[in-house]
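Here's the structure, in structure tokens; my notes come after.
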């Protein structure tokens, strides 16, 4: 192999190793009983409006993946006062890995509470995104190019702000229409009375 190709290969392999280490470093590691949990997003950095997954790797004290066909885990995801519970499903490609698919719709701080049992041992662990644990969700517009399109959440917020004004304008238009119809009815009635009474007054005068 030529020297320059070998150099490029070494650089490429080094870049891949660095990328993988960076991805792992953005997960939090916790010891729960005899097992080690590695907790984070499946794809990091995490962006609002994009499909992602809560990812939990279970290993033993030596770092070997732990597999348990009878074991089950679940995660409660929290964002402010909002909460949702999801089942953590085993990965078919990575032993000891569990995932729960999720689309984080808002940027900000997320917390994971993992519960369940692995080989009879109760699992109970919590983790909140931070610089020392796993990545918090970033607004997807930060990486949009060349144009920054509004997210689904932003469109929903705009719609919720616009609807009351539209409803108010609709109510005002309906009221104005009813008033106009009332005025037309009064005018028609007055014209009918004038036409009816006019000839009678004339005949008496003759």
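Odds and ends about this structure:
- Boolean, residue 15 is part of a helix (DSSP H, G or I), over 30 Å from the mean Cα position of the chain (by Cα), assigned by TED's automatic domain parsing to the domain that holds residue 113 and at pLDDT below 95: yes
- Residue 117 falls short on exactly one of the conditions (1) in contact (Cβ under 8 Å) with a residue 40 or more places away in the chain; (2) part of a strand (DSSP E or B); (3) in contact with a strand residue (DSSP E or B) (Cβ under 6 Å, 6 or more places away or on another chain), and that condition is (3).
- Those residues of region 159-177 which are modelled with pLDDT of 75 or more and surrounded by 10 or more Cβ atoms within 10 Å (Cβ to Cβ), in sequence order: 162
- Among the residues of region 51-73, the ones that are surrounded by fewer than 17 Cβ atoms within 10 Å (Cβ to Cβ) and either part of a strand (DSSP E or B) or modelled with pLDDT of 95 or more (or both) come to 5 in all.
Okay, residues lined up against (1) in contact (Cβ under 8 Å) with a residue 12 or more places away in the chain; (2) assigned by TED's automatic domain parsing to the domain that holds residue 124; (3) not in a strand (DSSP E or B):
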site	(1), (2), (3)
78	yes, yes, no
85	no, yes, no
95	yes, yes, yes
105	yes, yes, yes
112	yes, yes, no
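- When region 53-89 is filtered for residues that are within 23 Å of the chain's Cα centre (by Cα) and farther than 20 Å from residue 136 by Cβ, the ones remaining, listed by number, are 73, 74, 85, 87, 88, 89.
The values are calculated or read from the model by the stated rules, or taken from the named source; none is laboratory data. Note that the structure is predicted; figures quoted are calculated from it, not measured. Neighbour counts run over all protein chains shown; Cβ positions are idealised from the backbone, glycine included.
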